Amino acid sequence: METPLGETPQALVAHPDNAIVWHEDRLFLLDQRALPAEIRFLACQTAAETAHAIKAMVVRGAPAIGVTAAYGVVLSVRDHFQRTPADWRPGVEQDLELLAAARPTAINLFWALERMRRLLAALDQLDPVPALLIEAERIHRDDIAANRTMGDLGAALISARTDVITHCNAGALATGGYGTALGVVRSAHAAGKIGRVYADETRPWMQGARLTAWELQQSGIAVTVQADNVAASLMARGGIGWVIVGSDRIAANGDVCNKIGTYMLAVLARHHGVRFMVAAPTSTIDLAVASGSEIPIEERTADEVLSCGGTRLGPEGVDAHNPVFDVTPAELVDVIVTERGVIEQPTAEKIAALME
Ligand code: MRU
C-alpha cells in the first residue's frame, strides 16, 4: 500500500516541519513509525494509500491527520476524474468514507474532510482538482499560522523561566508545522523562558521518547525523556511550572481529550500546584459533543502494549487494555490556548463565546 521513495527529492529535507509535503503532484509523508532511527518519506498516490498511512501511524497527531486527509481528497478527485470524467463523484464519496474511517478520535480529521466536502459540493467547473488542491494547501498553511499565533499566546502566559513537562508529541510532526504544545515551547524558548522540557516517553507508541525528543533536539531545546510514571515525583521535587499538551478533541464544555496519560498528568499538576496548559487550534473544538464522555476513544490492539520495539514482553494468551486517548475534565485545565485567543478556566460559556 505504501510507496517507499527511491531517491529522496531535494524538497524532502529531513526536518520535523516537513512531516507532510505536497511535491510534484504527490503527497509525501515523513514516516513517523521509523523516527528517529531512520528518516524515510513515503509517497501516497491515492486516497486509499493516504487512509492506510493515517491508520498505520505513518502520520499521526490531530492536525496532521486533518491536513493529510485533505490532500487525500485531492488524490481521490484526481484519480476518479481522470478515470471517469463524467461521473467521478461516487468514487470520491467512497474515498471520503475511507478517509473518515482511518481513526475515530481526532476531530481535525472530520473537520478537514468537511471543508473539502463543502468545496466539492460547490464546484461546477470542468476540472475540480486545482480548486481542491488550493483548499488543501490553505488548510495546511492556516494550521501553521495558527500554531505560530498559539506559540506567541502560550509563551506570553509563562511568566518566568521554568522547566515544563509535555506528553506524547504535539509538535511540528503532529501538525502542518511548528506544533501546538511544542509550538508554545518553541516560542517560549525563543523568549528565554524554557529551561528544560521533560518529555514523557508515552507508551506504547513512544511518541515522546522518539518524536518529541527528536524534534526538540533539532530545535536546540534541552530535553530529558522520562518514563510515564516519573511525573509525580518530578513535580514533587519542584521546578516544573507548567504541563503543556495538545489535544485531539475539545468538547463544548472544555473537557480535553488527548493522548492516554494526559488526565493523570492533569490530576498530578493540580495536586502539586503546577499549571496545566492545552494548546490546540479551534479546528480541535467540537461543539457537537457536550462533554468529554461523548468523545469516541480509539482502542488499538493488545499487542501494542504487550510488545515493545518489536519484542514480545507479555506472556502469550494474556490480554491488554489499549485505549489510545483519555479525557481531562475541564476543571483540571488552567488554560486552553487557541489561535483565536486564550481561555482561562474553560467553561461551556467561554468556549461558545470564542467560537461565535
Ligand atoms: O495517537 P497519536 O500519536 O495520533 O496521538 C497524538 C496526540 O495525542 C497529540 O497530543 C494530539 O493529537 C495533539 S497534536 C498537536
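The values are calculated or read from the model by the stated rules, or taken from the named source; none is laboratory data. Keep in mind the model is a prediction, meaning the values are calculated, not measured. Here the Cβ positions follow ideal geometry from the backbone for every residue, glycine too, while neighbour counts run over all protein chains shown.
Summed over the range 119-158, residues that are farther than 20 Å from Gly61 by Cα, touching a residue at least 24 places away in the same chain (Cβ under 8 Å) and of a type outside the set (A, V, I, L, M) total 4. For the range 240-247, the criterion of a residue being within 29 Å of Glu331 (Cβ to Cβ), out of contact with any Gly (no Cβ under 7 Å at 6 or more places or on another chain) and of a type in the set (Phe, Trp, Tyr) is satisfied by at least one position. Look at Thr68 and say whether it is surrounded by fewer than 21 Cβ atoms within 10 Å (Cβ to Cβ) and either over 29 Å from Lys259 (Cα atoms) or in contact with a helix residue (DSSP H, G or I) (Cβ under 8 Å, 6 or more places away or on another chain) (or both). For Thr68, the condition - surrounded by fewer than 21 Cβ atoms within 10 Å (Cβ to Cβ) and either over 29 Å from Lys259 (Cα atoms) or in contact with a helix residue (DSSP H, G or I) (Cβ under 8 Å, 6 or more places away or on another chain) (or both) - is not met. Can you find even one residue in the range 238-246 that is closer than 19 Å to Thr347 by Cβ and touching an Asp or Glu at 6+ places or on another chain (Cβ under 8 Å)? No, because not a single residue in the range 238-246 is closer than 19 Å to Thr347 by Cβ and touching an Asp or Glu at 6+ places or on another chain (Cβ under 8 Å).
Only one of these is within 21 Å of the chain's Cα centre (by Cα) and in a loop (DSSP other than H, G, I, E, B): Pro296, Pro315. Name it. Unique residue meeting the criteria: Pro296. Restricted to the range 98-130, and to residues there that are in contact with an Asp or Glu (Cβ under 7 Å, 6 or more places away or on another chain) and of a type outside the set (S, T, N, Q), the residue that is nearest to Ser283 (Cα to Cα) is Ile107. Checking Asp31, Asp17 one by one, the residue that is at pLDDT below 95, surrounded by 18 or more Cβ atoms within 10 Å (Cβ to Cβ) and within 16 Å of the ligand (Cβ to nearest atom) is Asp17 and no other. Checking each residue in the range 217-231 for being more than 18 Å from Ile158 (Cα to Cα), surrounded by 15 or more Cβ atoms within 10 Å (Cβ to Cβ) and touching a His at 6+ places or on another chain (Cβ under 9 Å) picks out Gln218, Ser219, Asp228, Ala231. Taken over the range 260-306, the criterion of being in contact (Cβ under 8 Å) with a residue 24 or more places away in the chain and either aromatic (Phe, Trp, Tyr) or more than 29 Å from Gly151 (Cβ to Cβ) (or both) is satisfied by Tyr263, Phe276, Ala290, Ser293, Glu294, Pro296, Glu299, Arg300, Glu304, Val305.
Residue by residue through the range 88-113, note down the ones that are within 16 Å of the ligand (Cβ to nearest atom) and either in contact (Cβ under 8 Å) with a residue 60 or more places away in the chain or more than 14 Å from Ala53 (Cα to Cα) (or both). Selection gives Arg103, Pro104, Thr105, Ala106, Ile107, Asn108, Phe110, Trp111, Ala112. Restricting attention to the range 321-341, the residues that are assigned to a strand (DSSP E or B), within 14 Å of the ligand (Cβ to nearest atom) and closer than 18 Å to Ala181 by Cβ total 7.
Could we say that Pro85 is part of a helix (DSSP H, G or I) and either surrounded by fewer than 18 Cβ atoms within 10 Å (Cβ to Cβ) or in contact (Cβ under 8 Å) with a residue 24 or more places away in the chain (or both) here? Answer is no for this residue. Scan the range 306-330 for residues that are surrounded by 14 or more Cβ atoms within 10 Å (Cβ to Cβ) and more than 20 Å from Met57 (Cβ to Cβ) and jot them down. Within the range 306-330, Gly314, Val327, Thr328, Pro329, Ala330 qualify.
Has the range 188-197 got any residue that is within 15 Å of the ligand (Cβ to nearest atom), buried (at least 20 other Cβ atoms within 10 Å of the Cβ), among the basic types (Lys, Arg) and free of Cβ contacts under 8 Å to residues at least 60 places away in the same chain? No.
Residue under question is Asp79, and the condition is that it be of a type outside the set (Phe, Trp, Tyr), surrounded by fewer than 24 Cβ atoms within 10 Å (Cβ to Cβ) and modelled with pLDDT under 95; does it hold? For Asp79, the condition - of a type outside the set (Phe, Trp, Tyr), surrounded by fewer than 24 Cβ atoms within 10 Å (Cβ to Cβ) and modelled with pLDDT under 95 - is not met. Can you find, within the range 34-53, the residue that is nearest to Leu98 (Cα to Cα) among those that are β-branched (Val, Ile, Thr) and modelled with pLDDT of 95 or more? The residue in question is Thr50.
Put simply, of Gly91, Gly151 the only residue that is surrounded by fewer than 24 Cβ atoms within 10 Å (Cβ to Cβ), of a type outside the set (A, V, I, L, M) and touching a helix residue (DSSP H, G or I) at 6+ places or on another chain (Cβ under 9 Å) is Gly91.
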